Structures are given as structure tokens and as C-alpha cells.
Amino acid sequence: MVALTLDDGPDPRYTPEVLAILRKHHITATFFVIGQSAAAHPDLIRSVADAGHAVGTHTWSHANLRKLPAGKVKTEIGRAVETVTATTGRTPTLFRAPYGNWSRTVFTECAAMGQTSIAWDVDPRDWDNPGSAHISSTVLDQVGNRSIVLTHDGGGDRSQTVRGLRHFIPVLLDSGYTFVGV
């Protein structure tokens, strides 16, 4: 089993491309969305949720939570949760801190809001645009049973990520992996 996750969306260009790839292969993923992007593109968040994918949050503005006091951490998380709930009719329960910048305050605020903190163990650093071959080979070299793969559908040019997904998803499926939610 492997969990595919996508951060920083939704993005009007790349999220639909990612959804088409997932639909083609009959798999689901978990999307950790930025609240501001979700508010700007409610149709995309509804498309993600309606296709059976899990929708978690990734703060309101992609803030570095480690640098913020508790009140601002609560606002960053809470606003994103409220936006996704209002848009999809479902309250998200999964949260991922931008940059993986966790702190005791972040964990405390997540717990108080009923959010489960989710990390990853396979990071192809696709956000740095290292090339689709690098993205794909990193995932294929590092993935194992119960891996959580970090990729991005927003936050910049994600064309390399899309090409990487097109390559490594079928390889993983052919290798016997099943895609599951986080």
C-alpha cells in the first residue's frame, strides 16, 4: 500500500490534470489544500472531494507555523478548515504543516481542532522542479509498503510533477501497489 498526497493546491491548471491521471488509473489520493486557493477555486475543491479523494488542509496562506504564536497558528489552521467545510460540506480532519515545520504549538492547536497531523516519508522535492525523471526515480527508489509520498499540485509550475505522476503511478500499480488514503 502507498498513500499519494498532493500539497499547495488547488491550482486551476494542474489540479485538473492530476485528477485526470488519478481517474485514469482508478486511484485516490489525499489533497492538502491552501485555504486561500480553496476559497479562490471552490469548484476544484468540490471536484476533488466528489471524485472520492480525501481533502485535508495546509493552512490558510502557506504560513511557516513554527514562527507564529498560538493564536495565529489557530487562525491559519481554522480558516482553512472552515473554508473546506463550507465548500464541500465535509469537515476535513487531516492537516499538514507547510515545510514540515511542526512545533508543540502546532500539534496542540491541531489536536484542539480535531485535526490529525500528517507527514511523509518519500519526498521527491518536486516543488524544486528537479525534472520529471528525478521525481519519478526518487519515488520509485524510496517507496515501500505504507509509504506516504509527498507531491504538489499547486504553488508554482507543476508540469514536471504531472509528468512524474504519469510515469510512476503505472509502475507502482504494475509492481503490485495499491493506493490508499492517508
Item to complete: Return the aspartates and glutamates within reach of LYS67: Cα separation strictly under 17 angstrom, same-chain partners fewer than 8 residues apart disregarded; answer none if there are no such residues.
Response: GLU76, GLU109
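Taking 41 Å as R0, compute the FRET efficiency from the Cβ-Cβ separation of ALA133 and ALA112 and round it to 0.05.
Once rounded, the FRET efficiency stands at 0.45.
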Worksheet entry | Alpha carbon convex hull of the stretch 95-169, projected area averaged over orientations, nm² | 5.6 nm²
Fill in: Residue-averaged [θ]222 nm for the chain, counting only DSSP H segments that reach four residues, each worth -39500 (n - 2.57)
-13500 deg cm²/dmol
Fill in: chymotrypsin sites (Phe, Trp or Tyr not before Pro) restricted to the stretch 1-95 and DSSP loop, no more than 16 other C-beta within 10 Å
none
Discussion item. Roughly how far apart, in whole Å, are the Cα centres of the stretch 1-53 and the stretch 64-141?
Written reply: 14 Å
Discussion item. What do you get for trypsin sites (Lys or Arg not before Pro) in the stretch 95-182 restricted to DSSP loop and a cutoff of at most 13 other Cβ within 10 Å of the site's Cβ?
Written reply: ARG125, ARG146
Practice prompt. Run the numbers on the stretch 62-182 and let me know its relative contact order in percent, using alpha-carbon pairs under 8 Å that are six or more apart.
Written response: 21 percent
Discussion item. Taking 0.36 nm per residue of sequence separation and subtracting the Cα-Cα distance, how much length would be gained by fully extending the chain between ARG125 and ALA70, in nm to one decimal?
Written reply: 16.9 nm
Practice prompt. Compute the convex hull volume of the Cα atoms of the stretch 43-179, divide it by the residue count, and report the result per residue in Å³ as a whole number.
Written response: 119 Å³
Fill in: Gain on full stretching of the segment that runs from HIS167 to ALA40 - 0.36 nm per residue minus C-alpha separation
42.7 nm
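Values quoted throughout were computed directly from the atomic coordinates according to the rules given, and no laboratory measurement underlies them. What you see is a predicted model, and the numbers here were worked out from it, not measured in a lab. Positions of Cβ are generated from backbone atoms using ideal geometry, with glycine treated the same way; all protein chains shown enter the neighbour counts.
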